Structure formats: C-alpha cells, structure tokens
Amino acid sequence: MIDDPGEPSVARETAARATVRIASSELFQGRREIVIVHRGQEYRLHITRADKLILTK
C-alpha cells in the first residue's frame, strides 16, 4: 500500500498533536517569577521556597 501524498500519515498526525515539553529552567532563566500574557491577561508564574510552581492572575 502506498501513502497518498494528499493524506497525512498517522505519524505526522501524531507529531502534530504531541504536547510540547519545555523545561522550567528555560522559561525562568534563573529568575523566580515570570509573567505570561494570555489573551491580553497577565498571569504570574513563580517558584516557591518549596520549589513548587504557583500560577496567579
């Protein structure tokens, strides 16, 4: 069976739907807090003393 170039393969569909993983160290870059803007709203993501993440609006 030959794949039809007009039809996406299962592998391509799966890759397109895969969740992106980003290390928190890449986001924070040595900081304890960052601001994320989503639909015009600001959210603060910070690392606690217990090394947990807290997201607040």
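Readers should treat all values here as calculations from the given coordinates under stated rules, not as data from a laboratory. This structure is a prediction, so every number in the text was calculated from the model and none was measured. Neighbour counts are summed over all protein chains in view; Cβ atoms, including those assigned to glycine, are modelled from backbone coordinates with ideal geometry.
Quick notes on this structure:
- Model label sites at Ile34 and Val20, defined 7 Å from Cα along the beta-carbon direction, differ in position by 1.1 nm.
- Formal net charge of residues neighbouring Glu42 (Cβ-Cβ distance under 13 Å; K, R +1; D, E -1): +2
- Phi angles of region 32-37 translate, via the Karplus equation with coefficients 6.51, -1.76, 1.60 and θ = phi - 60°, into HN-Hα couplings of 9, 8, 9, 10, 10, 9 Hz per residue; Gly and Pro are given as x.
- Ordered by the number of other Cβ atoms lying within 10 Å of each residue's own Cβ, fewest first, His46, His38 fall into the sequence His38, His46.
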